[in-house]
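Quick notes on the structure that follows.
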Amino acid sequence: MQRFAKRQNRLYLYRTRLFFDGSSLLENEMKRRKIQMMLPVFAGLTLLSACGQNDEAGPVSDSAGVELANGLTVKEQIEARQAQLKKMGKAFKAISDQLKASNPDLAQIQAAAAVVPIEAADMVDWFPEGTGPDSGVETEALPVIWEDKADFNDKVKAMQDAAAKLETVAQGGDVTAVAAAFQNTGGTCKACHDKYRLDD
């Protein structure tokens, strides 16, 4: 009987709180649902900010000093590739950080969005024959890049087109449109990484 009375008392307190504080509970529920709806977008932003992470060069091998047709050694080419990816990654992160901010700085977004198309302009040339893992220089670029170069080049082109559109949208000043274009660019990066990059 005493246990039943305690239960009834808790139920009364809950109903009283619901009556007097119903608006707060409703607001909290709406906020929770809004955050849940935005999770896929933020997941895309996180993915894209990682798009330009290093294609780390590791231990130097005998093949590292072999000169390629472009005049660079294998090691130099992989390091150059790394440098470009770092620049792109920095730009993507800047955009991602601003889009996640409560008051995004449009000028920073526009500046970063302008960097990516420039840095990615000749991306297909970053992967000449001989700069894969068979070179002995550690790289996250998988051999399938050179086994299916046409598809790889198509995916690079898709990323370049998406990055160019992102820059155009950013210059328009609509942050919501920028977020959508940014997520689309992230999708093109993922499509390439899923097939052609070694998983971390």
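Quick note: the coordinates plus some simple rules give every number you see, no bench work behind them. Nothing here was measured: the structure is a model prediction, and the numbers come from that model. For neighbour counting, all protein chains shown are included, and Cβ atoms are generated from backbone atoms with ideal geometry for every residue, glycine included.
Report, to one decimal in Å, the Kirkwood hydrodynamic radius for the stretch 143-200 based on all distinct Cα pairs.
Kirkwood hydrodynamic radius for the stretch 143-200: 12.2 Å.
Which three numbers, in whole Å and largest first, are the semi-axes of the equivalent ellipsoid of the stretch 44-196 derived from its Cα gyration tensor as √(5λ)?
31, 15, 13
Between the stretch 114-129 and the stretch 63-87, what's the alpha-carbon centroid distance in Å?
Taking the Cα centre of the stretch 63-87 as reference, the centre of the stretch 114-129 is 13 Å away.
Among residues other than residue 70 whose Cβ falls under 14 Å from its Cβ, what is the net charge (Lys/Arg +1, Asp/Glu -1)?
-4
For residue 105, what is the net charge nearby, where nearby means another residue's Cβ is under 15 Å from its Cβ and Lys, Arg count +1, Asp, Glu -1?
0
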